[in-house]
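Taking it in order: structure first as structure tokens, then the write-up.
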Amino acid sequence: MSKTLNLALILAVLISLSACAELKETGRSIGQSTKEVTTEIGHATRDATKAIGHASRDAVKSVNDDLSKKD
């Protein structure tokens with residue numbers, strides 16, 4: 001009976017280690033995907049903000065030029 005219990009315990013430990021490795025790999029994969037998505041969102045936000053800033057600057061400059069020409 002003791003040998004059977006030891007064998008069952010060893011088997012349970014091996015299965016647990018295998019499951020832990022799979023969970024660790026899954027977590028790593030999810031983390032990497034999250035990092036990539038977050039980076040893409042950040043870059044898109046930066047580019048959109050830059051485009052809006054340039055468009056606003058150009059619009060203000062155009063209005064100022066038009067006002068200067070009328071004077």
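The values are calculated or read from the model by the stated rules, or taken from the named source; none is laboratory data. All figures in this text were calculated on a predicted structure; none of them were measured in a lab. Here the Cβ is made from the backbone with ideal geometry for all residues, glycine too, and neighbour counts use every protein chain on show. For accessibility, only protein heavy atoms count, side chains too; no ligands or nucleic acids. Shrake-Rupley method; radii C 1.70, N 1.55, O 1.52, S 1.80 Å.
Key figures
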quantity	calculated
Flag for Ser33 being part of a helix (DSSP H, G or I), modelled with pLDDT under 85 and out of contact with any Gly (no Cβ under 9 Å at 6 or more places or on another chain)	no
One residue from Val60, Val37 being more than 33 Å from the chain's Cα centre (by Cα) and either among the basic types (Lys, Arg) or open to solvent by 60 Å² or more (accessible area, probe 1.4 Å) (or both)	Val60
